[in-house]
Structure formats: structure tokens, C-alpha cells
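Asks: Structure in C-alpha cells, see below.
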Amino acid sequence: MNKIKQRVIAVVLLLVASKSIAQNLPIIGVNPSRDVPNAHITPDANTEYKVVFDFVMNDENLDDPYPMLPLVARYVNTLANLGVPKENRKISIVLHRGSGLIGVNNDVFRERHDGKDNPNIELINKLHAAGVKFHLCGQGMISRGLEESDLLDAIQVDYWALTTLIELGRQGYVKIGG
């Protein structure tokens, strides 16, 4: 009986500890990367991380959540978990080509995808609340017949994805993907 009590207590403590850790992460429900003891290179809490994720996807793949969104969420939570403060986490996402359609509101998404809900809204909103900026290619928005009112509040419309990527690169952002 003692061993059972010990195991129950251990499980409860583990759940409490994991819940308290998860509550300190910017994006609830997404785990940070696992710890790697003695890793040679790890994020430094005193470094400013400027990263731009270049999202490009074909329109026909939009029934499932965009595959890079969870990766960005994990990256944000990993930086936070390793002590990088929010002001040092400068993360942007550039949406162009088909990926721009992940940023439309549910009504517009349903109209364009046989009544299906936009599977990206919750994670986009969580990322935005955690400080991630979303840049939509204005040229793509126009060519797809979208209006700013069709977009989620988290989505910023820029002139052109190419211009945004160049400007963020000029500002020292490291480009991932594309």
C-alpha cells in the first residue's frame, strides 16, 4: 500500500509541476523542446532573437492546420522556457501564396473551403498574444480577392511579401523556411 501511495503522490506532483511550468509558457498547450543536458549551443537569455518564418503553401493543403504553426509555437515556448524574455523574442511570420489563406476569418474560410472551419485560428491567436507578428502579402491578398475585413485581427497586411522579407532581413531577422 505504501508503494501505491508513493506512486500516486509522485504522479500528482508531476502533474502539478508540469501544469505550473505550462502556465508560465506564453502558448498554453504547446510543449517547449526537451532539455538536452550538456548541449554546446543553447539560446542565451541576453540575446535578442529576431526570426522571420517564411510560410508558403499550396491552397489545396488548407484542410489541416498549417504544419509550421506548431513549430513556431514550440520555438516561442522553448525560448521562454530557457529564460529569454518576451522583449528579446522578436518573431514574425510572412504569409504568402496559399499560406495567406490561413489568416482569414472562419466565415471567409468556410465560403472558400466547402463549409470547413479554419483549423489555424486558435493557434494564430495564441501566437499573436505571445507577441508573434503575422505579415500578409498585400499583392496576394488582392489577387485572391480578399479584403482586410476578411482577415483575423492578428494579421497585418504589408505591401508585398518580398518587400517584407527584405525589410526584416535588413533589420537583422534570420529567415527560416520559404
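Asks: Checking the table 86/133; 86/116; 90/116 against a 24 Å threshold on Cα-Cα, which pairs fail?
Replies: 86/116; 90/116
Asks: Residue farthest toward the positive end of the dipole of the stretch 105-178, with Cβ of Lys/Arg at +1 and Asp/Glu at -1: which of 143, 125, 173?
Replies: 173
Asks: In addition: Among 106, 95, 75, flag the residue with its Cα farthest along the positive direction of the charge dipole of the stretch 73-171, charges on Cβ as +1 for Lys/Arg and -1 for Asp/Glu.
Replies: 75
Asks: Follow-up. I need 33, 92 ordered by Cβ neighbour count within 10 Å, fewest first.
Replies: 33, 92
Asks: What size of dipole, in debye to the nearest 20, comes out for the stretch 47-177 about its Cα centre when the only charges are +1 on Lys and Arg C-beta atoms and -1 on Asp and Glu C-beta atoms? Write out the running numbers ahead of the final one.
Replies: Working: 14 positive and 18 negative charges, 141 e Å.
Computed charge dipole of the stretch 47-177: roughly 680 debye.
Asks: Label points 7 Å out from Cα along the Cβ direction at residue 113 and residue 87: separation in nm?
Replies: 3.8 nm
Asks: Between residue 74 and residue 139, with labels modelled 7 Å along Cα→Cβ, what's the label distance in nm to one decimal, could you check?
Replies: Placing both labels 7 Å beyond Cα along the Cβ direction yields 3.3 nm.
Asks: A further question on this structure: In the neighborhood of residue 30, defined by Cβ-to-Cβ distances under 10 Å, what is the net charge if each Lys or Arg adds +1 and each Asp or Glu adds -1? Each step should come with its number before you reach the end.
Replies: Values: positive: 74, 126; negative: none.
Once all neighbours under 10 Å are counted, the net charge is +2.
Asks: Sequence neighbours fewer than 8 away in the same chain don't count; with that in mind, list the aspartates and glutamates whose C-alpha is under 18 Å from residue 126.
Replies: 64, 87, 117, 153
Quick note: the coordinates plus some simple rules give every number you see, no bench work behind them. Model, not experiment: these values are computed from the prediction. Virtual Cβ from ideal backbone geometry, glycine too; neighbours counted across all protein chains shown.
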